[in-house]
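Below: one structure, written as structure tokens.
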Amino acid sequence: MTDRLSYEEKKELPDSVFGLPERREYPMPDAAHVRAAEAYFRYCPENLKPRLARAILMRAGEYGVDVESPTVLSYAEKQDLSE
């Protein structure tokens, strides 16, 4: 499986696998997509980065993925401004 989902595949995913479920962005149904979310983290709106970072870490733990980005790790420790 690649880290690219078709529109139809993405449409069928449950909200729970998205890093930002309310926006249905950053799908992470498997390890490859967790790595992709980490790679595309920089494109996330600033105020949503803490929430996405925590979602990436949670899903990474489920799939045994080592998150290496210091940026993702530092944002995971920040307070979410949108809460």
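Tilt of helix 49-63 relative to the longest C-alpha principal axis of the chain, in degrees (0 to 90, nearest 10)?
For 49-63 against the chain, the angle is about 60 degrees.
Taking amide hydrogens as modeled 1.01 Å from N in the peptide plane, which residues meet the under 5 Å criterion relative to Met28, leaving out close sequence neighbours?
Phe18, Gly19
Kindly provide the helix-only [θ] at 222 nm of the chain, computed as the sum of -39,500 (n - 2.57) over DSSP H runs of four or more divided by all residues, to the nearest 500 deg cm²/dmol? List each step's numbers first, then the result.
Details: 4 runs with 37 residues, N = 83.
The helix-only estimate for the chain comes to -12500 deg cm²/dmol at 222 nm.
Count the net charge of all other residues whose Cβ sits under 14 Å from the Cβ of Asp66, scoring Lys and Arg as +1 and Asp and Glu as -1.
Working: positive: Arg35, Arg59; negative: Glu38, Glu62, Glu68.
Spelling it out: positives minus negatives among the neighbours equals -1.
Find the accessible area per residue for the range 17-61; the probe is 1.4 Å, ligands and nucleic acids are left out, and the unit is Å².
Using a 1.4 Å probe on heavy atoms only, each residue of the range 17-61 averages 44 Å².
Mean separation of Cα pairs under 8 Å and 6+ residues apart, divided by the residue count of the chain: what relative contact order is that in percent?
So the answer I get is 26 percent.
Quick check: with the 1.4 Å probe, what order do Glu8, Glu25 take by accessible area, largest first?
Of Glu8, Glu25, the descending order of accessible area is Glu8, Glu25.
Tell me the carbon and sulfur percent of the accessible area for the chain, rounded to whole percent, probe radius 1.4 Å.
Ligands and nucleic acids excluded, carbon and sulfur give 52 percent.
The values are calculated or read from the model by the stated rules, or taken from the named source; none is laboratory data. All of these numbers come straight from a predicted model, not from anything done at the bench. Every residue, glycine as well, gets a Cβ built from its backbone with ideal geometry; the counts of neighbours run over all protein chains shown. The protein model used for the area step is the full one, side chains on, heavy atoms only, and it has no ligands, DNA or RNA in it. Shrake-Rupley method; radii C 1.70, N 1.55, O 1.52, S 1.80 Å.
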